[in-house]
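Before any comments, here is the structure.
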Amino acid sequence: MSKPVALVSGANRGIGRRVAERLAADGYRVLVGSRVLAAGEAVAGRIRATGGDAEAVSLDVADDASVAAAAASLPALDALVNNAGVALDGFDAEVVRRTLAVNTYGAHRLTHAVRDKLVSGARVVNVSSGLADEAGLQDVLRERFADPGLDEAGLLALLQEFEAAVAAGRHGGAGWPSSAYRISKVGLNALTRIWARSWGDLYVNSACPGWVRTDMGGAGAPRSLDEGADTIVWLAEGPAARPTGGYFRDRAPAGW
Ligand SMILES: NC(=O)c1ccc[n+]([C@@H]2O[C@H](COP(=O)([O-])OP(=O)(O)OC[C@H]3O[C@@H](n4cnc5c(N)ncnc54)[C@H](OP(=O)(O)O)[C@@H]3O)[C@@H](O)[C@H]2O)c1
């Protein structure tokens, strides 16, 4: 029987790399998505050296041409892990633009590009964050993101509203937080719910890795790479209960 295949974005370092290593150890053929191909090749080579099956794929999720070229080269996929992410310093319109470009629009771009490669029953895992906690949003915004009638066009318009409010210097008055990262992951979680409602043949979930010792999380973070990767790998491999449209931390449902 052929091996299941998983694509992991941003798998050249950090949590994504550990997810790729774990999936390979569990018998997956892993496609190591990396903006810099040589960095992905180094990870894939190390996986192969320990008996795993891995191949690097040049993939910049913020770039249409890169995503299209990667998607065209891919085989059928049993799992897609939207892990690539940035947490930039500062807060202004440019930080918002660059953050959404990767964390939210990047996951959207890649998932749509590979949609027809995802086999029936495939898992999509969106790597989110505890900072996406919707409870802390002002009521009106929380309701708009959580609206069960929200579709992709509505979500993209909502995110563009955030971008426009920041550019105009009036985001605070409109109830938006001063955090591009936070809204990028709130938006990613909304995509999880929208895709789960729209795509009944797939299992789409968000995973929170916790605060993990990576370049992003810093050396003082309490969680190891394995702890951060665990729930992501569990969802990517398809837990027996077959959840979809959920948000998980430590293999258990967490509040949005
Ligand atoms: N670490 C934490 O405590 C923590 C907590 C909650 C959530 N998360 C989430 O977990 C995920 C992984 O984070 P991490 O801590 O492992 O971060 P990291 O060590 O900074 O690694 C980020 C990865 O994303 C890649 N990436 C960035 N922009 C990209 C783009 N445009 N296209 C493709 N890949 C891109 C990076 O590639 P390059 O090497 O080319 O830059 C790198 O491989 C992120 O989504 C993050 O938001 C992390």
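Observations on the model:
- Extents of the chain, taken as max minus min of Cα coordinates on every principal axis and listed largest first, are 55, 37, 37 Å.
- Positive minus negative residues near GLY154 (Lys, Arg vs Asp, Glu; Cβ under 14 Å): -2
- Volume of the convex hull of the range 139-216 (Cα atoms only), normalised per residue: 114 Å³.
- For VAL204, nonlocal amide neighbours, meaning residues 5 or more places apart or on other chains whose placed amide H falls under 5 Å from its own, are VAL124, GLY245.
- Between the amide H of ALA254 and those of TYR247, PHE248, ARG249, distances stay under 5 Å, these residues lying 5 or more places away or on another chain, with hydrogens modeled in the peptide plane.
- Cα centroid of the range 102-117 to Cα centroid of the range 133-161, whole Å: 19 Å
- Rounded to whole Hz, the Karplus (6.51, -1.76, 1.60) HN-Hα couplings of the range 128-135, x for glycine and proline: 9, 7, x, 6, 7, 3, 7, 4
- Mean residue ellipticity (222 nm) of the chain, computed from DSSP H runs ≥ 4 via -39,500 (n - 2.57), nearest 500: -13500 deg cm²/dmol
- Ranked packing of 26-34, 184-192, most packed first, by mean Cβ within 10 Å: 184-192, 26-34
Bear in mind that the values in this text are calculations on the coordinates, not laboratory data. Note that the structure is a prediction, hence the values are computed from the model and not measured. Cβ sites come from the backbone with ideal geometry, for glycine too, and all protein chains shown count toward neighbours.
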